[in-house]
Amino acid sequence: MTAVLQAENIVKSFGSFTALHGVSFSLERGRTLGIVGESGSGKSTLGRIVMRLLDADSGRVFLGGDDLLAMDRAQLRAARRRIQLVPQDPRNALNPTMTVGQNLAFQLRAQEVPRKTWNATIERLLDQVSLPADYVHAFPHELSGGQAQRIAIARAIANGPDVLVCDEAVSALDKSVQAQVLNTFARLQAETGVAMFFITHDLAVVEHISDDILVLNRGRTVEAGATSAVLADPQDAYTRELLAARHSITPA
Ligand code: ADP
Ligand code: MG
């Protein structure tokens with residue numbers, strides 16, 4: 001089976017500081033890979049590289065088998081629709097002067113979705129992220145943190161991407177809201193088969209949502225494998241430390 005997203009031996013330095021020392025992973029359709037590590041371990045840098053928002057010094061990235069780093073502008077434009085970001089702060093993804101409906105329509109237009117389908121698509125998207133249809137008229141500042149994050153998710157899935165890169169996407173939310181949004185991600189994945197590259201510093205979140213886990217420590221992979229296996233029997237001292245520091249998520 002071809003991985004929807006694969007990275008081989010990614011190296012990235014900022015000046016004399018090496019943020020990633022040769023990191024590899026493979027992510028398949030319908031699966032979630034949790035990228036874990038404390039602040040500064042290189043998680044966001046890896047996420048930006050696999051979206052080609054940042055260039056690696058060396059290594060390869062494949063999106064559905066296509067070499068992302070070899071793509072020209074036009075190919076990259078098309079590829080960017082297949083991999084979408086859900087950021088930590090949803091308000092970065094939403095225009096504050098536009099309603100929820102206008103924000104989603106803006107995204108649909110950018111992705112060249114035919115205008116006549118916008119209303120029905122927006123209605124479906126709100127339903128997919130468990131928000132009532134009348135939120136279409138709300139402005140971003142009227143939304144709670146959890147509601148705003150749901151809209152950011154709706155925006156990211158608007159055109160049926162293959163991969164969601166979620167960078168600390170639930171980290172700013174209260175624990176109870178966090179569990180609800182994680183359940184929304186899981187349901188979306190079951191419905192659409194979207195793969196998730198789920199960055200978090202929080203092992204409890206990873207335990208809740210990830211099939212597989214990649215633990216980074218100062219830009220190196222210190223542990224990788226099935227989440228249940230890694231968390232049940234961590235081989236690395238750093239992973240054991242992270243585990244000891246985790247809180248637990250109450251399933252909603
Ligand atoms: P994480 O997301 O795991 O917290 P990051 O990937 O954001 O970590 O950062 C990894 C390391 O790379 C950090 O030490 C950070 O300061 C450094 N870094 C990230 N981006 C840049 C940049 N544009 N310029 C210089 N250093 C950077
Ligand atoms: Mg980060």
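In the chain, helical runs assigned H by DSSP with n ≥ 4 each contribute -39500 (n - 2.57); averaged across all residues and rounded to the nearest 500, the mean residue ellipticity at 222 nm is -10500 deg cm²/dmol. Between amide H atoms placed 1.01 Å from N, distances below 5 Å from residue 99 occur with no residue 5 or more places distant or on a separate chain. Fully extending the segment from residue 187 to residue 74, taken as 0.36 nm per residue of separation minus the present Cα-Cα distance, adds 37.4 nm. Listed by chain and number, the aspartates and glutamates placed with their C-alpha closer than 17 angstrom to that of residue 116 amount to none; residues fewer than eight positions away on the same chain are left out.
Before anything else, pin down the relative contact order of segment 89-160: Cα pairs under 8 Å, at least 6 apart, normalised by residue count, whole percent.
Numbers: 74 pairs, mean separation 35.0, N = 72.
Relative contact order comes out at 49 percent.
For the chain, the alpha carbon convex hull comes to 131 Å³ per residue, rounded to a whole number. The alpha-carbon of residue 175 sits under 23 angstrom from the alpha-carbons of these lysines, leaving out residues fewer than 8 places away in its chain: 43. Taking all protein chains into account, the per residue accessible area for segment 89-160 stands at 50 Å² (1.4 Å probe). For segment 89-160, would you read off the P(r) tail past 18 Å as a percentage of all alpha carbon pairs? For segment 89-160, the fraction of Cα-Cα distances above 18 Å is 25 percent. Between the alpha-carbon centres of segment 29-59 and segment 171-213 there is a gap of 16 Å. For the chain, averaging the sequence separation of C-alpha pairs within contact (under 8 Å, six or more residues apart) and dividing by the residue count gives a relative contact order of 27 percent.
Taking only protein heavy atoms and a 1.4 Å probe, the accessible area of segment 89-160 is 51% carbon and sulfur.
The values are calculated or read from the model by the stated rules, or taken from the named source; none is laboratory data. Since we're looking at a predicted model, the values are computed, not measured. Side chains are part of the model used for accessible areas, which takes the heavy atoms of the whole protein and leaves out ligands, DNA and RNA. Shrake-Rupley method; radii C 1.70, N 1.55, O 1.52, S 1.80 Å.
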